[in-house]
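What follows is a single structure, written as structure tokens, with notes after it.
The values are calculated or read from the model by the stated rules, or taken from the named source; none is laboratory data. The shown structure was predicted, so the numbers you read here are calculated from the model rather than taken from an experiment. With ideal geometry, Cβ positions are generated from the backbone for all residues, glycine too; neighbour counts draw on all protein chains shown. Quick note on the areas: whole protein, heavy atoms, side chains included, nothing else; ligands and nucleic acids left out. Shrake-Rupley method; radii C 1.70, N 1.55, O 1.52, S 1.80 Å.
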Amino acid sequence: VNFTDGRVVAFSSKDKPSTIGVGFNAKQEYDVAQTLTNIREALVNELADVSLDEVTVKCRSSINVLGDYEDLSLAGITALMISNTPLDIKLSYAGDANHKPYNPDVFKGIKLEDKRPQATIFLKDGASITYNMEVDVMKQAIFDNAIDWEASGLPAKETLSIADFEFECNTSLISKIPVWKDIAGDEYPNLNAGDKREIRVSFVGNSDFKPCDNKEATIKVAKAHVDVSMNAFTKAYAGNEDDLTIEKLGITLNPNDPRIDIYRVFVGINTNLKASVNLVLTDEQWEFIKNVSKAQAWLYDKAPSLFPSFNETIQDKLEKGMTIAEFKEYMNNAITAIENAANDETWGPIVQSGLDLFHIDLDAIKALASVFDVLTMVSDDLTIAVGVPKHAGLYRVYAIAANKNYETNSASGTVLILMNWKDIKIVPNADLKKQTITVSEAKEYADGTKAAATLLNKSTGE
């Protein structure tokens, strides 16, 4: 009787390859478990109902012929990939009651290699998205609308997210001198609204595909819509600015982007029976106007022939007094002058450095220029006064939301500014203290030649 091993053969060896693909995880880090799986699949045929995971893998560097075979580690994979050193691989399977053991000869001189296919990416030039204060919303819009998925060599779209890509934009005013930054700024997005915004996108890679170089494209970033609301009616007292704050007027924005400037414009008839228009600025808005003026003075000093109107800055003009029409014309001329100089090869970098010096950009100046555009029913001949109205009267107040990334929008309400009596005292005319007055004196009081009483300011005596 001949006794034979009747157990089933579970594994057999494949022909030795020269390279085996190293494994990666989703973060593109070397993955030990996936690398071991790749080794087993490259070297072993699975012949029975035993998982390949039952095959033990031990490795050593091919140049360390006297070393022991050890478990593959992350440090070992990293060293082999950096040095491009081949390794010797020893496989084993002890077998069980139903399966024969598997102990093939050592597989020598095999290199680990990144065998993932090279990803490629293409963008659609001229795609359109809408500005959003949330960076991830804009990244998702680029992901959905600007990537040409059919032309690109990428994993399936449904398996990817914005976390698998890097999104950058050109933040320079001068397109010939790009300054690429991540779309996600320190506090707000670096990608602003505009018709021809330059972006570039790259795929960072994953466990199945190698990363790819970035591709550039020009997209349109439309301005976002902002809703403005305010109280329909507000009562205040003359000279009391605290009654006319943004909070007291009930002005709110949706979305509530803190970068949106809220300008308050009061238009009405005061107690002097004169039409007036008052532009109310916060400290931050007035500081912005001062910085724009500093940039204007700086540019005028560099090139008075290019910026002749900048011998008077916007701060100078507002403090001196200008009509709404003059404001619009002045601001539009200033913007045109800066744009023309910015497109000049010589002056473009100088303009950019001047604006950077005072931390402003052209789009912000354009937003300031749009403040009075929504007041189509107000005469352009009215002179702008800076500050809240000083006289009592009935005013129409406009809350104007202006920002380079939003369509300028407004809401309006009525404000009744009452005379402030708290510091006023009435001093009757001394003649009226007499028991009788003459007919001629009575006529003088009747026709207003004489005052029946005098109003005095208690604090100043005026």
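Can you put 116, 396 in order of accessible area, largest first, using a 1.4 Å probe?
The ordering from most to least exposed comes out as 396, 116.
Would the range 296-406 count as rounded, prolate or oblate if I go by the C-alpha gyration tensor, calling it rounded below 1.5 in a/c and otherwise prolate when a/b exceeds b/c, oblate otherwise?
Prolate, because a/c is 1.5 or more and a/b exceeds b/c.
Given R₀ = 56 Å, FRET efficiency for residue 56-residue 187 by Cβ-Cβ distance, to 0.05?
According to the calculation, E is roughly 0.55.
Under a 1.4 Å probe, what is the accessible area of the chain per residue, stated in Å²?
54
Could you check how much of the accessible area of the chain is carbon and sulfur, as a whole percent, using a 1.4 Å probe?
48
Each label point is 7 Å from the Cα along the Cα-to-Cβ direction; what then is the distance between the points at residue 25 and residue 290, in nm?
According to this spin-label approximation, the distance is 5.3 nm.
Please figure out what share of the DSSP beta bridges in the chain is antiparallel and state it in percent, rounded to the nearest 5.
Close to 80 percent.
When the Cα centres of the range 123-181 and the range 219-250 are compared, how far apart do they sit, in Å?
Centre-to-centre (Cα) distance: 35 Å.
Under a 1.4 angstrom probe, counting protein chains only, how are 356, 31 ranked by accessible area, largest first?
356, 31
Can you pull the accessible area of residue 237 for me, 1.4 Å probe, Å² to the nearest 10?
Its accessible surface works out to 90 Å², give or take rounding.
For residue 414 and residue 333, compute 0.36 nm times the residue count separating them, minus their Cα-Cα distance, and round to one decimal in nm.
Contour length minus Cα-Cα distance gives 25.8 nm.
Could you point to the label whose value was computed as volume of the Cα convex hull per residue in Å³ for the structure here, given (1) 167; (2) 222; (3) 256?
(3)
How much of residue 374 can a 1.4 Å solvent probe reach, expressed as accessible area in Å² and rounded to 10?
Probe radius 1.4 Å; accessible area of residue 374 about 40 Å².
Listed here are the pairs 14/215; 210/404; 181/290; which of them are more than 31 Å apart at the Cα?
14/215; 210/404
Using r as the Cβ-Cβ distance of residue 358 and residue 320, and R0 as 22 Å, what FRET efficiency do you calculate, to the nearest 0.05?
Computed FRET efficiency for residue 358 and residue 320: 0.55.
Could you state how much accessible area residue 124 has, in square angstrom rounded to the nearest 10, with a 1.4 Å probe and all protein chains kept in place?
So the heavy atoms of residue 124 present about 90 Å² to solvent.
Using the Karplus curve 6.51 cos²θ - 1.76 cosθ + 1.60 with θ = phi - 60°, what ³J(HN,Hα) values do you get for each residue of the range 44-49, in whole Hz, with x for Gly and Pro?
10, 8, 8, 9, 9, 8
Based on the alpha-carbon gyration tensor of the range 213-354 and its eigenvalue square roots a ≥ b ≥ c, which shape applies: rounded if a/c is under 1.5, prolate if not and a/b is larger than b/c, or oblate?
oblate
Specify the angular offset, from 0 to 90 degrees and rounded to the nearest 10, of the alpha carbon long axis of helix 135-145 from the longest principal axis of the alpha carbons in the chain.
60
Quick one: order 183, 269 from most to least accessible surface, probe 1.4 Å.
Heavy-atom accessible area, descending, gives 269, 183.
For the range 327-366, what does the alpha-carbon gyration tensor say about shape, rounded, prolate or oblate, given a ≥ b ≥ c as the root eigenvalues, a/c under 1.5 as rounded, and a/b over b/c as prolate?
Since a/c reaches 1.5 but b/c is at least a/b, the shape of the range 327-366 is classed as oblate.
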